[in-house]
Amino acid sequence: MKENEAQKLIAIVEDDPDVARIIEQVLRDFGFRTAWSRSATDLLRRLRTLAPDLCIIDLGLPDMDGLEVMQRVRSQSACGIVILTGRAHVSDRVMGLELGADDYVLKPFEPRELVARVRSILRRREGAAEAEGRSRRIAEFGGWRFNLANNTLHSPGGEEQVLSTSEADLLKVFIQNPNRILRREQLMGTRDLSPTDRSIDVRISRLRRRLEPSEDSPEFIKTVYGAGYLFLAAIAWPGGDATA
Ligand code: CA
């Protein structure tokens, strides 16, 4: 693969190191980056800072039920999910798909077959993301209007301001995840170094000054002490289709 930044990251949770090694090897041969976790606990911990494009989840893990792992991954990340399971566990496989896995691969598996499944899911997801991107350019909330394509923000009174890239990135994360608590690391861009970095608070404060009539009692960006921040708003996407 020619561009490093285009390399997709695949997280693998598999307790058998030999199987994990085979998976990592074949994925790397095909230009993917990999991150192997040996236990569910390890994977879930790493997902706080890693943003994989896809997770390969072995359903037979020693420390947590595979389906539970899957649901937890789903709740933490929008990544694709492939489950790996033995032939004996047909019901797990069906359940896995019902619970949101994108595909499954039976063990023992042909490594190239696994790569083919991974690529196909990533292609499908990219197509869906592009379609979504086309319909989701303008967001409206509480009388405000934000254009995600050129980072302009219109106040209810009609004043226009152009946000800096970092402010706009932060607002995008908020409006795409309204009414849920977002941890600092979920709000940080790739340029931020660590969760203790103060830059996120500075950015929150700048965004509040733009959006909030009173910074002391913010209407939209609520601080949830010890947890993170929450964007309290109903978001409408007037540029999207009728159901958006
Ligand atoms: Ca296993």
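Condition first: of a type in the set (Gly, Ala, Ser) and away from the ligand (no atom under 16 Å from the Cβ). Now tell me which residues in the range 47-79 satisfy that.
Of all residues in the range 47-79, those of a type in the set (Gly, Ala, Ser) come to 51, 60, 66, 75, 77-78.
Passing the criteria: Ala51, Ser75, Ser77, Ala78.
With the structure loaded, tell me whether Val19 is open to solvent by 10 Å² or more (accessible area, probe 1.4 Å) and of a type in the set (A, V, I, L, M, F, W, C) or whether it fails that test.
Numbers: open to solvent by 10 Å² or more (accessible area, probe 1.4 Å): yes; of a type in the set (A, V, I, L, M, F, W, C): yes.
The answer is yes for Val19.
Which condition number does Ser75 fail, the rest of (1) modelled with pLDDT under 95; (2) over 18 Å from the mean Cα position of the chain (by Cα) being met?
(2)
Could you go through the range 23-46 and let me know if any residue there is part of a loop (DSSP other than H, G, I, E, B), within 12 Å of the ligand (Cβ to nearest atom) and either in contact with a helix residue (DSSP H, G or I) (Cβ under 7 Å, 6 or more places away or on another chain) or of a type outside the set (Ser, Thr, Tyr) (or both). Write out each step before concluding.
Applying the first criterion (part of a loop (DSSP other than H, G, I, E, B)) to the range 23-46 yields 30-32, 38-39.
Now drop any that are not within 12 Å of the ligand (Cβ to nearest atom), which leaves 38-39.
Cutting the leftovers down to either in contact with a helix residue (DSSP H, G or I) (Cβ under 7 Å, 6 or more places away or on another chain) or of a type outside the set (Ser, Thr, Tyr) (or both) gives us 38.
Among the residues of the range 23-46, at least one is part of a loop (DSSP other than H, G, I, E, B), within 12 Å of the ligand (Cβ to nearest atom) and either in contact with a helix residue (DSSP H, G or I) (Cβ under 7 Å, 6 or more places away or on another chain) or of a type outside the set (Ser, Thr, Tyr) (or both), which makes the answer yes.
Filter the range 80-100 down to residues that are more than 20 Å from Glu24 (Cα to Cα) and away from the ligand (no atom under 16 Å from the Cβ) and give me whichever is most open to solvent (accessible area, probe 1.4 Å). Let's see the steps before the verdict.
Step one: list which residues in the range 80-100 are more than 20 Å from Glu24 (Cα to Cα), which gives 87-100.
If we keep only those that are away from the ligand (no atom under 16 Å from the Cβ) too, we end up with 90-91, 94-95, 97-100.
Working: Val90: 72, Ser91: 84, Val94: 75, Met95: 88, Leu97: 71, Glu98: 140, Leu99: 59, Gly100: 24 Å².
By that ranking, first place goes to Glu98.
Could you go through the range 99-108 and let me know if any residue there is among the aromatic types (Phe, Trp, Tyr) and in contact (Cβ under 8 Å) with a residue 24 or more places away in the chain.
In the first step, residues of the range 99-108 are kept if they are among the aromatic types (Phe, Trp, Tyr); the result is 104.
Now narrow it down to the ones that are in contact (Cβ under 8 Å) with a residue 24 or more places away in the chain: none.
No; the residues of the range 99-108 include none that is among the aromatic types (Phe, Trp, Tyr) and in contact (Cβ under 8 Å) with a residue 24 or more places away in the chain.
Checking the conditions here, which among Gly86, Gly66, Gly96 is touching a residue at least 24 places away in the same chain (Cβ under 8 Å) and out of contact with any Ser or Thr (no Cβ under 8 Å at 6 or more places or on another chain)?
On the way: Gly66 fails: out of contact with any Ser or Thr (no Cβ under 8 Å at 6 or more places or on another chain); Gly96 fails: out of contact with any Ser or Thr (no Cβ under 8 Å at 6 or more places or on another chain).
It is Gly86.
Would you check if Arg48 is surrounded by fewer than 17 Cβ atoms within 10 Å (Cβ to Cβ) and at pLDDT 95 or above? Walk me through how you get there before you give the answer.
Numbers: surrounded by fewer than 17 Cβ atoms within 10 Å (Cβ to Cβ): yes; at pLDDT 95 or above: no.
No.
Residue check: is Asp92 modelled with pLDDT of 95 or more, over 24 Å from Arg180 (Cα atoms), out of contact with any helix residue (DSSP H, G or I) (no Cβ under 6 Å at 6 or more places or on another chain) and not hydrophobic (A, V, I, L, M, F, W, C)? Give the derivation first.
Details: modelled with pLDDT of 95 or more: no; over 24 Å from Arg180 (Cα atoms): yes; out of contact with any helix residue (DSSP H, G or I) (no Cβ under 6 Å at 6 or more places or on another chain): yes; not hydrophobic (A, V, I, L, M, F, W, C): yes.
It is false that Asp92 is modelled with pLDDT of 95 or more, over 24 Å from Arg180 (Cα atoms), out of contact with any helix residue (DSSP H, G or I) (no Cβ under 6 Å at 6 or more places or on another chain) and not hydrophobic (A, V, I, L, M, F, W, C).
Does any residue in the range 7-22 that is more than 19 Å from Gln71 (Cβ to Cβ) come within less than 8 Å, Cβ to Cβ, of a residue that is away from the ligand (no atom under 14 Å from the Cβ) and of a type in the set (Gly, Ala, Ser) six or more places away or on a different chain, and which pairs are these?
Gln7/Gly31; Leu9/Ala35; Leu9/Ala51; Ile10/Ala35
The values are calculated or read from the model by the stated rules, or taken from the named source; none is laboratory data. Computed from a predicted model, the values in this text were never measured in an experiment. Using ideal geometry, Cβ is built from the backbone for each residue, glycine included, and neighbour counts are taken over all protein chains shown. Accessible surface is based on the protein model in full, side chains and every heavy atom, while ligands, DNA and RNA are left aside. Shrake-Rupley method; radii C 1.70, N 1.55, O 1.52, S 1.80 Å.
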